[in-house]
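To start, the structure under review is shown below, and the notes come after it.
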Amino acid sequence: MRTKLTSAELAVRIEDLYGAPLTTLEAHAQTQPPGMLAALLGSRHDLAFAERTITFHRDRLLQLVQPERGIGAHEASHLLDCARRITEAVAARDAQAKTAAAVLNSLGRVRACEPPAVSVAPAPPTAAATTAPSR
């Protein structure tokens, strides 16, 4: 079961959270001081970049291992470089996805809670009005 958050899923969740399209939110974030929206949009950008990097190097690796291609020392160094870059991009993607999911989960709308029951302490006994005996 896949539990990783993708950049497309993150974009939808940001839109749902803020109630506006991503392009509107990005324009709005540029005019505001840094905040949670800017951080979430930055995470989405970084996640999308890691996904594109994985795709690029995976495709390059598949080109390098075509059956009709020979693998010599030169090609082997390219294979290793692609594998290393894929590993780095996967680690970056996983870290970004984990962090973004945790932040989004913490920002979810909270159900209305019932106010805590207030116990009313009995009022302290008042001193009985005592009158001094008259003589």
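The values are calculated or read from the model by the stated rules, or taken from the named source; none is laboratory data. This one's a predicted model, so the numbers in the text were calculated from it and none came from an experiment. Positions of Cβ are generated from backbone atoms using ideal geometry, with glycine treated the same way; all protein chains shown enter the neighbour counts. Note: accessible area is taken over every heavy atom of the protein model, side chains too, but ligands, DNA and RNA are not part of it. Shrake-Rupley method; radii C 1.70, N 1.55, O 1.52, S 1.80 Å.
Details
- Test for T53: is it out of contact with any helix residue (DSSP H, G or I) (no Cβ under 7 Å at 6 or more places or on another chain) and of a type in the set (V, I, T): no
- Residue in segment 70-86 that is modelled with pLDDT of 85 or more and within 18 Å of T6 (Cα to Cα) present: yes
- Verdict on A102 being under 27 Å from S7 (Cβ atoms), surrounded by fewer than 14 Cβ atoms within 10 Å (Cβ to Cβ) and at pLDDT 90 or above: no
- Residues of segment 16-44 satisfying the condition of being open to solvent by 60 Å² or more (accessible area, probe 1.4 Å) and either small (G, A, S) or without any contact (Cβ under 8 Å) to a residue 12 or more places away in the chain (or both): D16, G19, P21, T23, T24, H28, Q30, T31, Q32, P33, P34
- Of the residues making up segment 48-77, those that are open to solvent by less than 60 Å² (accessible area, probe 1.4 Å) and within 21 Å of the chain's Cα centre (by Cα) number 5.
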